[in-house]
Structures are given as C-alpha cells and as structure tokens.
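Quick notes on the structure that follows.
The values are calculated or read from the model by the stated rules, or taken from the named source; none is laboratory data. Because the structure is predicted, anything quoted here is derived from the model rather than measured. Cβ atoms come from the backbone with ideal geometry, glycine included; neighbour counts cover every protein chain shown. The accessibility values were calculated without ligands, DNA or RNA, using every heavy atom of the protein model including side chains. Shrake-Rupley method; radii C 1.70, N 1.55, O 1.52, S 1.80 Å.
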Number of protein chains: 2
Amino acid sequence: MADYRAPRDDMDFVLHDVFNVAADWELAPELAEMMDVETAGAILDEGAKVAENLVAPLAREADEEGVKFEDGAVTTPKGYKENFRQLAEGGWVGVTANPEFGGMGLPKSLSAQYEEMLCSADIAFSLYPGLTSGAIMAIDSHGSDELKNHYLPRMVSGEWTGTMCLTEPHAGTDLGIIKSKAIPSEDGSFEISGTKIFITGGEHDLADNIVHLVLAKLPDAPAGTKGISLFVVPKFLSDAEGNLTERNAVSCGSIEHKMGIHGSATCVMNFDGAKGWLVGEPHRGLPAMFTMMNYERLGVGIQGLGAAERSYQNALEYAKDRIQGRGAKATRNDSAEADSILVHGDVRRMLLTMKALTEGGRAFSTWVGQQLDRSKYSQDDAVREKADAMVALLTPVAKAFLTDTGLESTIHGQQVFGGHGYVREWGQEQLVRDTRIAQIYEGTNGIQALDLLGRKVGGSRGELLKPFVEEIATFLQGIAGNSNWAKEAETLQKSLQDLTSISEELLQKAATDENLVNSVAVEYLHLVGYISYGYMWLRMAVAAEQKQAEKPYLASKIKTARFYFARIMPRTHALLGAIKDGSESLYLHDDEQF
Amino acid sequence: MADYRAPRDDMDFVLHDVFNVAADWELAPELAEMMDVETAGAILDEGAKVAENLVAPLAREADEEGVKFEDGAVTTPKGYKENFRQLAEGGWVGVTANPEFGGMGLPKSLSAQYEEMLCSADIAFSLYPGLTSGAIMAIDSHGSDELKNHYLPRMVSGEWTGTMCLTEPHAGTDLGIIKSKAIPSEDGSFEISGTKIFITGGEHDLADNIVHLVLAKLPDAPAGTKGISLFVVPKFLSDAEGNLTERNAVSCGSIEHKMGIHGSATCVMNFDGAKGWLVGEPHRGLPAMFTMMNYERLGVGIQGLGAAERSYQNALEYAKDRIQGRGAKATRNDSAEADSILVHGDVRRMLLTMKALTEGGRAFSTWVGQQLDRSKYSQDDAVREKADAMVALLTPVAKAFLTDTGLESTIHGQQVFGGHGYVREWGQEQLVRDTRIAQIYEGTNGIQALDLLGRKVGGSRGELLKPFVEEIATFLQGIAGNSNWAKEAETLQKSLQDLTSISEELLQKAATDENLVNSVAVEYLHLVGYISYGYMWLRMAVAAEQKQAEKPYLASKIKTARFYFARIMPRTHALLGAIKDGSESLYLHDDEQF
C-alpha cells in the first residue's frame, strides 16, 4: 500500500480559503486567544505526523493479527498499546475535550481534519480514542460535578478509556425495547444488569480502566424510549484519588469475528449487578446520549471520508506505476511497450470520481463542523439559531452520505488495482472491509435517512430545510456575474428547485401516507448529499479561482469541479425519478410474495 | 445463514414460460432426443440437491479454514475433496461437455441454472469444476484429436482438472506483452517457461492431475497479441493409457491471501521448461482462448447472480424474523412490542431491489444462454446469425452487469442485517467478499464495457446493436394492446430511443475523439444492462399474466415488475446524463494534477 500522506494543503484550503473558519474563532471567547490560522496549522501538522508515522504503519499487520480473546481478556494487535500511550501523551485522546479537564478543546472544524487523518491511517485503531472522546462529551454535558471531576481528567489523559453501551441482542435501532435494568442502591448508586452487544472497545489492554456509558431502565421506567436512563459503569471501581480498588461486575463474554476493523474489539458485555451511577436525569438517558450524537455521527461519516482519501492515494500511485495497454495516439509513450493506465478514460473516471467525492466530502465535513462550532461558540443568537438548524439537518447527511460515498470510493480504488485490489497484501481490500461498517453502526444509513426526512424535514414541516436552501440560493446569487461557472450554477439552481418542490410534495402526501417517508428517505438523503457536494464544489471552484495565482495547485480543483458537475451531478435525476414513485411500488407485495 | 433453497420454480418459469427454450431444443439435432421439459426439470432437481445438500453446507467453514500452502502443495478446505469426488461421479464436472467424451452436453440455457445454484451455494468451490469446464471447451474446440482423446475423458470425469494460465505479474489486461516462452522440442512438444499469476486452481488436492492451458510466445512470434500461442501443460506427464508417469516442470510458488473466495486456491505458477503441447495454430492462441470466453464470461456473471439470490434469501429470512420498530398503524401487530422489520419501507426497498435485480438477472442470463445455444445448435442460418450478433453484444453486459448488480445485492442484504451483516458467523458478509472478485477477473468490468462499446458497437459501426433494438421494439409492438403495461412499455420505448440516439452520437464523435469510448463505456454498459432488464421484466410480466391462473405465485412477479420500472429504471437518466459529457471532463487534468 502507498504510504499515507495527509492532504494538509487541501485541509488548509478548505478551512481558510473556502470557509474562513478563523473569522468564527475570533468571535468566540473560548477560541479567540487559543486559536488562529498558524496555531491550527501547527496542530494539524503534528496530527499528520501521528497519523502518517505512528498509526498508519501498523494498520495492515493489525488487520491480519486482529484482537484476541481469552478468559475474558482482550489483547489488541502488536503496537497498538504503545501507540495509544504515545497518542495519549501527545494529548490526542482529548483533542476535542474541555480544557478544564485537560483537553485541547479544538473546534470541530479543526478536529474533523485530525479525525480524517487518523481514519485514513487506521479506522480500527481510531475507534479507541474516538469512543473515549464520545464518552467524555456525554459525561461532560450531563454528569454531576462529582462524576466529571472523577472521570474526565483520567479519560482525557487516556489513562482510562470509554465506551457506549446501547445495543442489546434483540434491540439495535429500536432502543425503546431494551431490557437492561438498573436497581437503586442505598448509597445512591445503581446495580446494572443486562447484556449489551457490539460494544466497541468494551474490553482491551490499552488502558488501566474502561468507563462504560450504559443505557438501562429504572424499576419505575415508563415503556419505550421515554423510560431509558444513562449510567456510568466502570470496569474497575476506584477510590476518591482515582486509585483502582475492586473489579466491578461487568465482563466481556466474547468478541465478534467481523468482516473488517479487525484491530477493534467488538464485545458482548455482561453486566451482572455492576455498580453504576446515573448520568443526568432519570428516564432522560436517550436525549443525553443524543446531545453528543451530532458529533459522533459526523465522526463516523469522517471514517468514510478518511478511507476514501486513502483509497484515492493508493489507487493513484498504482495507476501511475502500472504500465498496461495504450493511450490515445497523442499521449502515447512510444519508447515503452505500453503506457501507464492513467491514460485510460475509465481509470481516470474512477480516480476522478474518488477525487471529487473525497474533496467534496472534506469540504462538506468541514462545513458541518463549522456549523457545530457556531452552534456551540457563537455569541450571536441568530448565527447560533441558524447553525442549530443546519446541524440538525445535515448531521444525518454527513453520517450516511460520507460513508456511502466512502464505500463507493474504496470500491473504485480496488477496481483500479485489478486483481491486486483483491489481494490482502496490497491493503486496498482492507479499506473496503473497514469502511463497510460505518454505513451500519451509529444508526444505519437507512435510519439516518429516516431522521433527515422524517424527524428533521417532516418534523419541522420543512422549516429546517429553509436555511440550507437559502444559503445556497444566496451563494448562487452572489456568483451570478461569474460566467465561468454559469452552467454549473444553473445545474445547482435547478437541483435546488427540484429539492424544494419534491420536499413540499412529500410533506403533503405524507399526511395521508404513513409509509411514504421511509419509502423514499434514502434516495432523498442522497439527493440532499449531491446538492450539498455541488454547493461545496462551486464554493471551492470560486475560492480556487481567487487563490490560484498564489497557490497554483488549485488549478486541479477547478478541473475537478467541472468533473463533479458533468459526471456526478446527473445522479440526482435517477434519485428524483425514484422518489416520485413514493411508497406505491414498495407496498404491493404481501409478506409471502417476497 | 439461511439454508439455501434453489429457486426452481422461477427457473422453470423463465426457461419455459418466458423463453420457451424447449422449442429451440426440438429443432436441434443434438438436443431433440436427449432433452425436453421433463428431463430438464429432473436434471435441475438433481442439481439443486447437489447445491443445497452437498455444497452449501461447507461454504461458511471453508471460508474460515481457507486453502493451505506448504512445500508447493495446496490443501483445500475440509470436505471439498469428498464433495468434488461426488460431483464428478454425478457427472456435474462435465455438465456442458461434449457427450462424445462423457459429458452431459447440456445446453447453456439449462446449465446456466445449475451454475447459478452452485454459485449460490459456494462460489469458491464452484471454481474448481468451473475452470475445468472452460479448459475442456478450449481443448475440445481447438485441440488435435490426439490431445482431445488423451485429456478430455479424464477431465470430463473429474479425474483431472483444468486451469487457464493467462496473467503474468506485469500483464493482466494487456496480454500482448506477456513474456512466457515456448521453445519447440524435437518430439513435437514444447518447453514452456515463465511465471503466471492469479491462477485459479493452479494447485490443489482434489484430483490426480491438473491440466494447465498456458499462453506463451514461440521464438518466431510477432509482437503483441498476434504472437501468442496456446499450450496444454499437465502437472504430471502420462503414458498413452493415461497413467501418470513423471512430474512436469511446473510448480506452485505461492498462493494469494485474498479478500474472499478463501476456499479457492489462487496460485503463482512457475513453468521451468515444462513439457507442453500446442493447442490449435501457432500464434492463434488468443482467438482460441476467446472462443470459450463467451461461455466463461457468462459463467462469471452468473457468480454475481448466484450470490445475489443467496443474499436475498438470507436477508429476507432475517427481515421476517427480526422484530424491531413499528410499521404503519394499519399493519401493526398490536399484540407484540414491535413489528417485523419487513414492514419498513426502506427494508422493503432493499429487499425488492435485490429481488428485481436477481430475477431480472436470472431471466437475462437465461436469455443470453438461449442465444449461445441458438448460435451453436440452430440449423437455420438466419437464426444463427442473429444469435451470434446477440451473443457478441450481450456477453460483456452479462459478465459486468450481473456482477455489478450482484455486488449491489450482497451489500443491500448486508444492510438489512444491520450489525449482524458485518459479523462473519452469519455468512452474509462472506457473500460480499466472495462476489467482489467477479467484477475483476476474467476481464475487469471496465474492459467488458470497452469491449461492448468499442469492439462490438463501435467495431460494427452500430450493426450489432440493431438486432437487440429490433427485438425489443418488436416485442413492444406486440404488447401495444396490453393496457396493463402501457406505462412501463412507454418507459422502455423511450430508453430504447435514448440508447439508439446516444449510440449514433457516440459513433460519430468517436471518429475524432480517440478517448471517447473508454470515457463513457461503463455508463453505456449499465444503460444497456438496465434496458435489457427492463425488457426481461416486461416479458416476465406478460408471461406471468398469462400463466397466473395456473401458477398463483406469479402474482409476485407482476408486482416486482412494477417495482423495477418505478424504482430501478430511473437510473438510466443518471447514466445518460453522464454519457453526454463524453470524454471532456476526464481529460482536463494533467498527470500531476491528480
């Protein structure tokens, strides 16, 4: 596999030339003093070294070795432990965490870049700090001061790691029917019992303690999702100073043997009256869990992005090196027996599709990160309110679209390699296997689509769509005088109108057709995705034109923008056609006719 | 994983109610006496038992165990050897082989069904008899009587197996640059030297001898593809009675560790002056290899089809059993806490997409099989001529479109399973891994597309497209009075017009744009694929209407036809949009701008 090289130039271009995130930072009291363009660059340069030199070199072997399970203990692949220690010491576990507890407190627009690099390097490894980061956020947002002071400093430092324990054998998507129980004890703690499955990092050898965040039901819980509470349940109990005392009644029963992310331990966790503490209000566990979900879901989307970038780098290097067949006469290398396969239209199509989806995806994830930052940091109510709406709308798109296009990119990369793409040694097929899970976990992409069209667009009666449509329309008005992009702007304008009218139509029809939303949600999400990327590509194209004199490599950006509109945007026609059918053709079959 | 159940009803429907293949058989001297509807049914029933009871049960464990390599010898997974013996004894290795040498001599329309079942059961295992079958055909078509009499009876009986040795480390797609050499010996044989890679079944423990078909260059060979000759090179030499004498100088240097088909040995084969015999004329090895390519490529397409069928069966069983979330009020099971996930629109979308692509694919592969049979058996020059044209046009579509939609189906199936689709135990993720190779080997799907648009459509100046377009247009005229399908017929009619006009446009432009064909070939092939499936679905719908009184289960067929046109056919709009861009946006980037 090609050595990984972090796309630092493109990250800087997106952050500063396209989105000017530093202007936001200046307005935020928490960021103004600590963060500027230069500091951000220095941090990402260091992050790039971590990803390139520390994490990436272990990924291939870790996939072969996998995690091992014996007598309830999990051994991670060779080198993971030392790498995790180095990461922790460098502060990279607490990259987004509250500085009050030792975190770097990076804004998401910035940490998204670091996360992408880590995922390009090794998705399996990235999950250990990634889940810890999510658990930190949950405790920080909803835990008592006592819980925060006890757990956060040790988790932020990487001394202890974290998990999220949601899924049960019979309940994944539908958390309302979980069976795990929490019985109050006299000392204010709870006894937690139940079985959780698919717990990433539920057991491992990277840290001294593991802090599980567990969804369970109190004895007086109402039925369904309104009766779920959130608990902290550590693997080891500890005294006031944080010294580990006794083992808690939580254990790993087995690990899953999976298609990919072999270096990540996916555990069945058994809670047998384990001691736990309530996080937040009783029965309010699901909303508490969901406050960090926007960050987590963007994070999972970024796994798809990271893999796509790596796939592009690999396939490009292979395409340049592989001499096979002949290009058009004009481009032929007459001194050799054959040309590099980069001359072939179909190889270029696959490479440019990856390039367009990956750079478009990077801009999109940064844009969503910027919305999260505005929502968190902005002092301006109007800005914050709009950012909240954008976050609500775009989070499911980020999770699902970045991972769907991520899988597509890893498959294109594999195809560029031909037979070598199927052989493990080259590392390309691992990207396909490792990426595939990101479409499934943290809410399947079908669930994301339902969230977008049902809860967000439908739930707001279309209101949440408005700031999105308005922002793009305003941008298009702003470039109306730029004749270089008139054709692409017209395409985007037309798609935006299609989106608006199909959304209105769906809202109307959904009132009388209960099946409609879930029948077209996935295609609808993809439509929003391609329009979002179209917007990203036009913004990048215009920014690239402005900066090209200073940064000549941006000439490529302009060309890829042309490609995106010519070859990728037509996909919206297929999606619109399918959406227009509504639920009709999906509900003709009786159960036994499947 | 759900037990595999061969879709025998659907196979009979397609063979007899849709394509009436028996009418062709009656007109063919070689088939008229041996084959009729009843005999065909009995053979497929037996084939179904082989696939269901013998082959399928080993697939999961064989994937975990894989093939082992030690000291030049390959050990296949537990049970493969015994299963191969039973298959051979049942005559299933020589299923399509010439009866003169002990083969069953089944027409392709029929053997395609058996192949599909075997691939649904275990693609990795299916490759051992599959490659042998291809080697048999090559020797039968081009070998001398001496070669035929010596090798074919033993290969047809499964006593010996066969391989195809084409690819070399530096030459896969571009066979013109292979380096393997053949030096004539005084006894009329040749000394073959060179290294071949990706050789399926190059070494194994299933049979006493392995007969390699090897492409190599004679000393006086012209450069490029016109200088390649074909040789038979056995693992063991044998005397006139076929008793093995000495080991030939051919050996397996190593095996590949792959993403999937773990039970199939993918070998590096070293030929060190190995004794071989010329098959056919000197320097005419590539055309000789390609006479069987039409059969082989359809066969690889059928791997995608078999996997798609299995994926559908698995996912459907899971969807029916999995209780999660709530359906629309009208369909809700109020006595339970939740409903089967089959009530959800998005789950139905994924299942019906698989169903539509799989049943459409089965009809398509049978149709192409029928063309191959007419081309081979028909006594009518006009019928044979048309069938030849259809075979030439549709073979690359069958290989690429059946495998592209096959991968899509295995991925949908995995998504229906949620997290369980990612866990090896369930067998679903194995389907994804096993299917992926079929898009790559036997000519990548990009190469198939180039063959379709460049060699076939372009090379014939559009002539080869005409019988295809005319057949569909004639069918549409024939159902013009059927108002039940007026809407779908109009959609197909429109797509056919689009295909005709875009083909003309491409032919014109290609005259001055050398890059055009390979820039749009993949989208073009998909366009032909969706139109072909549209034709299949309308033919099936009309046949189902006629037979429904007799076979009530065909009501489902009619509903799936509606689904196909409503939700899948719109994809043609995206393809057309991309094709219209031509090569332009693919050739903007300089090499260093990628």
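Out of the range B:42-80, which residues are touching a His at 6+ places or on another chain (Cβ under 9 Å) and surrounded by 15 or more Cβ atoms within 10 Å (Cβ to Cβ)?
Within the range B:42-80, B:62, B:63, B:65, B:66, B:67, B:74, B:75, B:76, B:77, B:80 meet the criteria.
Scan A:37, A:14, A:21, A:55 and give me the residue that is within 30 Å of residue A:425 (Cβ to Cβ) and of a type in the set (Val, Ile, Thr).
When all the criteria are applied, what remains is A:55.
From the list A:244, A:237, A:206, which one is touching a Lys or Arg at 6+ places or on another chain (Cβ under 7 Å), open to solvent by 20 Å² or more (accessible area, probe 1.4 Å) and away from chain B (no Cβ under 14 Å)?
None of the others qualify; the one that does is A:237.
Among the residues that make up the range A:416-424, is at least one of them within 26 Å of the chain's Cα centre (by Cα), of a type outside the set (Gly, Ala, Ser), open to solvent by 30 Å² or more (accessible area, probe 1.4 Å) and closer than 30 Å to residue B:173 by Cβ?
Yes, the conditions are met somewhere in the range A:416-424.
Give the residue that is nearest to the chain's Cα centre (by Cα), with candidates limited to residues of the range B:456-475 that are outside any helix (DSSP H, G or I) and not hydroxyl-bearing (Ser, Thr, Tyr).
B:464
With respect to residue A:476, determine if the residue is under 17 Å from residue A:576 (Cα atoms), of a type outside the set (Val, Ile, Thr) and out of contact with any Asp or Glu (no Cβ under 6 Å at 6 or more places or on another chain). Working first, answer last.
On the way: under 17 Å from residue A:576 (Cα atoms): no; of a type outside the set (Val, Ile, Thr): yes; out of contact with any Asp or Glu (no Cβ under 6 Å at 6 or more places or on another chain): yes.
Criteria not met by residue A:476.
Looking at the structure I just gave you, is residue B:162 surrounded by fewer than 24 Cβ atoms within 10 Å (Cβ to Cβ) and modelled with pLDDT of 95 or more? Spell out the reasoning first.
Numbers: surrounded by fewer than 24 Cβ atoms within 10 Å (Cβ to Cβ): no; modelled with pLDDT of 95 or more: yes.
When the stated conditions are applied, residue B:162 does not pass them.
What are the residues in the range A:293-323 that are hydrophobic (A, V, I, L, M, F, W, C), surrounded by 21 or more Cβ atoms within 10 Å (Cβ to Cβ) and within 14 Å of chain B (Cβ to nearest Cβ), if any?
A:300, A:315, A:319
Restricting the range B:533-551 to residues that are more than 18 Å from residue B:495 (Cβ to Cβ) and free of Cβ contacts under 8 Å to residues at least 60 places away in the same chain, which is least open to solvent (accessible area, probe 1.4 Å)?
B:548
Name the residues in the range B:548-578 that are within 30 Å of residue A:563 (Cβ to Cβ) and facing chain A (nearest Cβ under 7 Å), would you?
Applying the first criterion (within 30 Å of residue A:563 (Cβ to Cβ)) to the range B:548-578 yields B:567-578.
Selection gives B:567, B:570, B:571, B:573, B:574, B:577, B:578.
Being within 24 Å of residue B:20 (Cβ to Cβ), of a type outside the set (A, V, I, L, M) and modelled with pLDDT of 95 or more is the requirement here; does residue B:366 meet it?
Here the answer is yes, as residue B:366 does meet what is asked.
Residues of the range A:153-174 being within 23 Å of the chain's Cα centre (by Cα) and either within 10 Å of chain B (Cβ to nearest Cβ) or among the β-branched types (Val, Ile, Thr) (or both), which ones?
A:156, A:161, A:163, A:167, A:171, A:172, A:173, A:174
Do we have any residue at all in the range A:179-199 that's in contact with a strand residue (DSSP E or B) (Cβ under 7 Å, 6 or more places away or on another chain), within 11 Å of chain B (Cβ to nearest Cβ) and part of a loop (DSSP other than H, G, I, E, B)?
Yes, the conditions are met somewhere in the range A:179-199.
Which of the following residues is open to solvent by 10 Å² or more (accessible area, probe 1.4 Å) and among the β-branched types (Val, Ile, Thr): B:383, B:397? Walk me through how you get there before you give the answer.
Working: B:397 fails: open to solvent by 10 Å² or more (accessible area, probe 1.4 Å).
Residue meeting the stated conditions: B:383.
Can you work out which of the residues in the range B:247-292 that are in a helix (DSSP H, G or I) and touching a residue at least 40 places away in the same chain (Cβ under 8 Å) is surrounded by the most Cβ atoms within 10 Å (Cβ to Cβ)?
Out of the qualifying residues, it is B:285.
Table: residues versus (1) assigned to a helix (DSSP H, G or I); (2) of a type in the set (Ser, Thr, Tyr).
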| position | (1), (2) |
| --- | --- |
| A:51 | yes, no |
| A:81 | yes, no |
| A:84 | yes, no |
| A:92 | no, no |
| A:109 | yes, yes |
| A:113 | yes, no |
| A:119 | yes, no |
| A:134 | yes, no |
| A:149 | yes, no |
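Hey, among the residues in the range A:341-363 that are at the interface with another protein chain (Cβ under 7 Å from one of its Cβ atoms) and farther than 30 Å from residue A:19 by Cβ, which one's most open to solvent (accessible area, probe 1.4 Å)?
The extreme case among them is A:344.
Tally the residues that are at the interface with another protein chain (Cβ under 7 Å from one of its Cβ atoms) and at pLDDT 75 or above, restricting the search to the range B:324-340.
Residues flagged as at the interface with another protein chain (Cβ under 7 Å from one of its Cβ atoms) and at pLDDT 75 or above within the range B:324-340 amount to 5.
Can you tell me which residue in the range A:572-592 is most open to solvent (accessible area, probe 1.4 Å), limited to those that are in a helix (DSSP H, G or I) and in contact (Cβ under 8 Å) with a residue 12 or more places away in the chain?
Of the residues in the range A:572-592, the ones in a helix (DSSP H, G or I) are A:572-580, A:584-586, A:591-592.
Checking which are in contact (Cβ under 8 Å) with a residue 12 or more places away in the chain leaves us with A:572, A:575-576, A:578-580, A:586.
Details: A:572: 6, A:575: 23, A:576: 16, A:578: 3, A:579: 2, A:580: 124, A:586: 0 Å².
Within the range A:572-592, the match that is most open to solvent (accessible area, probe 1.4 Å) is A:580.
Filter the range A:556-571 down to the residues that are more than 24 Å from residue A:7 (Cα to Cα) and surrounded by fewer than 21 Cβ atoms within 10 Å (Cβ to Cβ) and list them by number.
Matches in the range A:556-571: A:571 only.
Among residues belonging to the range B:392-412 that are of a type in the set (S, T, N, Q) and in contact with a Leu (Cβ under 8 Å, 6 or more places away or on another chain), point out the one that is farthest from the other protein chains (Cβ to nearest Cβ).
The qualifying residue farthest from the other protein chains (Cβ to nearest Cβ) is B:395.
Only one of B:61, B:38, B:46, B:30 is modelled with pLDDT under 95 and in a helix (DSSP H, G or I). Can you tell me which?
B:30
Looking at this structure, is residue A:425 within 12 Å of chain B (Cβ to nearest Cβ), within 25 Å of residue B:258 (Cα to Cα) and part of a helix (DSSP H, G or I)? Lay out the reasoning, then the answer.
Numbers: within 12 Å of chain B (Cβ to nearest Cβ): yes; within 25 Å of residue B:258 (Cα to Cα): yes; part of a helix (DSSP H, G or I): yes.
So residue A:425 fits the description; yes.
Which is in contact with a helix residue (DSSP H, G or I) (Cβ under 8 Å, 6 or more places away or on another chain), closer than 22 Å to residue A:368 by Cβ, surrounded by fewer than 21 Cβ atoms within 10 Å (Cβ to Cβ) and in contact (Cβ under 8 Å) with a residue 24 or more places away in the chain, of A:90, A:105, A:94?
One residue alone meets the criteria, A:105.
Tell me, yes or no, whether the range A:364-378 has at least one residue that is surrounded by 20 or more Cβ atoms within 10 Å (Cβ to Cβ), within 9 Å of another protein chain (Cβ to nearest Cβ) and either free of Cβ contacts under 8 Å to residues at least 60 places away in the same chain or touching a Ser or Thr at 6+ places or on another chain (Cβ under 7 Å) (or both).
Checked the range A:364-378: no residue is surrounded by 20 or more Cβ atoms within 10 Å (Cβ to Cβ), within 9 Å of another protein chain (Cβ to nearest Cβ) and either free of Cβ contacts under 8 Å to residues at least 60 places away in the same chain or touching a Ser or Thr at 6+ places or on another chain (Cβ under 7 Å) (or both).
Has the range B:475-482 got at least one residue that is within 24 Å of residue B:537 (Cα to Cα) and either within 14 Å of chain A (Cβ to nearest Cβ) or buried (at least 23 other Cβ atoms within 10 Å of the Cβ) (or both)?
No; the residues of the range B:475-482 include none that is within 24 Å of residue B:537 (Cα to Cα) and either within 14 Å of chain A (Cβ to nearest Cβ) or buried (at least 23 other Cβ atoms within 10 Å of the Cβ) (or both).
Which residues, counting only those in the range A:547-594, are within 30 Å of residue B:343 (Cα to Cα) and aliphatic (A, V, I, L, M)? Step through it out loud before you land on a result.
In the first step, residues of the range A:547-594 are kept if they are within 30 Å of residue B:343 (Cα to Cα); the result is A:571-594.
Listed by number, the residues that qualify are A:574, A:575, A:576, A:578, A:579, A:586, A:588.
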